[in-house]
1. Which residues does a label at MET1 reach in the stretch 9-44, if reach means a backbone N under 20 Å from a point 7 Å past the Cα toward the Cβ?
2. May I ask you to rank SER37, SER25 by accessible area, largest first, using a 1.4 Å probe over the protein chains only?
3. Suppose each label sits 7 Å from its Cα in the direction of the beta carbon; what would the LYS18-ILE46 distance come out to in nanometres?
4. Leaving ligands, DNA and RNA out of it, work out the accessible area of GLU21 with a 1.4 Å probe and give it in Å² to the nearest 10.
5. Excluding TYR6 itself, what net charge comes from residues whose Cβ is under 13 Å from its Cβ, given Lys and Arg +1 and Asp and Glu -1?
6. If packing is taken as the average count of other Cβ atoms within 10 Å, what order do 5-11, 26-32 fall into, highest mean first?
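The values are calculated or read from the model by the stated rules, or taken from the named source; none is laboratory data. The structure presented is a predicted model; accordingly, all values stated were derived computationally and were not measured. FYI the Cβ positions are ideal-geometry reconstructions off the backbone, even for glycines, and counts take in every protein chain you see. Only protein heavy atoms, including side chains, enter the accessible area calculation; ligands, DNA and RNA are left aside. Shrake-Rupley method; radii C 1.70, N 1.55, O 1.52, S 1.80 Å.
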Amino acid sequence: MPTYVYETIPQFEGEPTKRFELRQSMKDAALTQHPDSGQPIRRVPIGGTGLMGASSSSQSSGSGSCGSGCGCH
């Protein structure tokens, strides 16, 4: 199961944002409330590695694994 990063949504100006991690199934919907406090939360998008070479068009065109338009070809 992947680990997702969530953060609290401040309700008042100047209130600090708190981040925490939570293991969830990929099938589970993103939480909207903190499991303990009930405070509103949101899932934080974190960059990932993605799937390298998943696109058949970039492999068959001979333009390399990074695709076209990157300036390295």
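1. Residues 19-39, 41-44 fall inside that zone.
2. From most exposed to least exposed: SER37, SER25.
3. Each label point lies 7 Å from its Cα, and together they span 1.9 nm.
4. 130
5. Once positives and negatives cancel, what remains is +1.
6. Ranking, from highest mean packing down: 5-11, 26-32.
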